[in-house]
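The values are calculated or read from the model by the stated rules, or taken from the named source; none is laboratory data. Fair warning: this is a prediction, and the values are worked out from it, not measured in the lab. Here the Cβ positions follow ideal geometry from the backbone for every residue, glycine too, while neighbour counts run over all protein chains shown.
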Ligand SMILES: Cc1cc2nc3c(=O)[nH]c(=O)nc-3n(C[C@H](O)[C@H](O)[C@H](O)COP(=O)(O)OP(=O)(O)OC[C@H]3O[C@@H](n4cnc5c(N)ncnc54)[C@H](O)[C@@H]3O)c2cc1C
């Protein structure tokens, strides 16, 4: 009988025959990079393979399927919930499949392989005068396939929505090794159930995305301005977004950093930011600058800086993008939170996080997408100290339960993986979704009857 997760000699040879020895790794030193994600969830795969084509993907999946060996598709491994690690089994790194096949500037879509990073995709689109809006702060590494499978969000999502709003069609290798196409590269298509969006946020549990047709839009001709604004308390942030929205202004960016984030950026990355309690990064259109500046002042802004030029605007953006890594470098352990609240609850949410930090004696720096009600508390703890780990867990649970009780979601964009199945269940049960969860479990069984695709996570264990 086969041991799930164990890679037999015969299988290793079959995979080498498909992908080549230089793309098949079994030695510890070769697979080290694949033993963790970027929130330090860790597990050791039995084999890593880097296919170069859909045909190779399908053949490798058939090998895994024959023996019931778990298989995990992976992009950059930048996710934060344990979704991209596996104990034993096969990791399939898709980053060799990174071509842009077609940029259609009439029908406004790009046809692309899954392994390209979002940043490289946008570099290519820029040469055509187009762009792809979803931009996780990890865009410089995270892949199209990973971002689709995580249903990722990002900084511009306040204006443009998340990955789910931009995927038109997908080619997918199912756990049987069969290749299917879901959706059409059309602006309208009503032919059947929406299986494309079942794949968005599927966390590698239903199939392997080998090609995507993504909506694109022209680089906006309307000029935007970028503000960096500081306040002497967190709650004001909630008030600012409320006033902007009730003035019918939808910012292009509305990001939040607290003092601890700024301290970490100044210390770890040698930035020179003002150390205020709350810092907002806000993009608005030229015609809105005066109204927005007035709102900042009415809300008690301490300092309002309008980026002088693109270079300065970019420096502000980089600070926000690097905040998680800077904060992570200040502690041995970090539990990354991702709850999403109704936007009008943002001020209450930030207040609650402060109370939870004080209650458990923890440092909880906060940053994130305040314009979406999706702000990330980064719960810091000492890995070697059991009491500190326990406190971090209690704080994390309290934040999740508070979000559920306020009608929020336990994950706005990072997904579930190993981190949140329990709270995903609690959320669904609390919000009339018990039957929805049962249906999700049935869907997993239909796609993956032998449970080889990223098993032991997400819906299966919720
Ligand atoms: C500094 C930093 C900032 C971040 N900021 C954001 C942010 O602003 N917004 C946000 O949403 N996330 C953010 N993240 C989380 C993460 O970067 C995103 O979830 C990202 O989209 C994951 O892409 P990846 O290529 O690294 O995927 P991986 O981590 O490799 O994989 C993630 C999941 O996708 C699956 N997968 C990967 N490729 C495929 C494929 N081809 N087919 C099927 N399944 C696949 C994997 O099995 C896994 O379940 C951040 C992370 C870091 C480290």
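When the strands (runs of 3 or more DSSP E) confined to region 163-281 are screened for residues that are surrounded by fewer than 23 Cβ atoms within 10 Å (Cβ to Cβ), those reaching at least 2 such residues are found at 167-173, 179-183, 208-215, 224-231.
Against the definition (closer than 23 Å to residue 332 by Cβ and either surrounded by 19 or more Cβ atoms within 10 Å (Cβ to Cβ) or in contact (Cβ under 8 Å) with a residue 12 or more places away in the chain (or both)), how does residue 403 come out, yes or no? Answer is no for this residue.
When region 134-159 is filtered for residues that are more than 6 Å from the ligand (Cβ to nearest atom) and either more than 12 Å from residue 369 (Cβ to Cβ) or not in a helix (DSSP H, G or I) (or both), the ones remaining, listed by number, are 134, 135, 139, 140, 141, 144, 148, 151, 155, 156.
Restricting attention to region 65-84, report how many residues are touching a helix residue (DSSP H, G or I) at 6+ places or on another chain (Cβ under 8 Å) and modelled with pLDDT of 95 or more. Let's see the steps before the verdict.
Pass one, region 65-84, residues touching a helix residue (DSSP H, G or I) at 6+ places or on another chain (Cβ under 8 Å): 67, 69-71, 73-79, 83-84.
Those left that are additionally modelled with pLDDT of 95 or more: 69-71, 73-79, 83-84.
Residues in region 65-84 being touching a helix residue (DSSP H, G or I) at 6+ places or on another chain (Cβ under 8 Å) and modelled with pLDDT of 95 or more: 12 in total.
Within region 302-322, residues that are more than 22 Å from residue 375 (Cα to Cα) reach partners that are within 16 Å of the ligand (Cβ to nearest atom) and not in a strand (DSSP E or B) with beta carbons closer than 8 Å, at six or more positions or on different chains, in the pairs 307/316.
All of 363, 359 fail the test of being part of a helix (DSSP H, G or I), at pLDDT 95 or above and surrounded by fewer than 17 Cβ atoms within 10 Å (Cβ to Cβ), apart from 359.
When each of 415, 433 is tested for being under 30 Å from residue 87 (Cβ atoms) and under 16 Å from the mean Cα position of the chain (by Cα), the lone residue that passes is 415.
Inspect region 147-155 for any residue being under 25 Å from residue 284 (Cα atoms), out of contact with any helix residue (DSSP H, G or I) (no Cβ under 8 Å at 6 or more places or on another chain) and surrounded by fewer than 17 Cβ atoms within 10 Å (Cβ to Cβ) and give the result as yes or no. No; the residues of region 147-155 include none that is under 25 Å from residue 284 (Cα atoms), out of contact with any helix residue (DSSP H, G or I) (no Cβ under 8 Å at 6 or more places or on another chain) and surrounded by fewer than 17 Cβ atoms within 10 Å (Cβ to Cβ).
A count restricted to region 408-430 and to residues that are over 19 Å from residue 337 (Cβ atoms) and either touching a strand residue (DSSP E or B) at 6+ places or on another chain (Cβ under 9 Å) or within 16 Å of the ligand (Cβ to nearest atom) (or both) stands at 0.
The rows are residues; the columns are (1) closer than 24 Å to residue 178 by Cα; (2) more than 9 Å from the ligand (Cβ to nearest atom).
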position	(1), (2)
62	yes, yes
65	yes, yes
73	yes, no
79	no, no
90	yes, yes
96	yes, yes
107	no, yes
114	yes, no
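Taking the criterion of being under 30 Å from residue 351 (Cβ atoms) and either buried (at least 19 other Cβ atoms within 10 Å of the Cβ) or in contact (Cβ under 8 Å) with a residue 60 or more places away in the chain (or both), the residues of region 427-455 that qualify are 427, 428.
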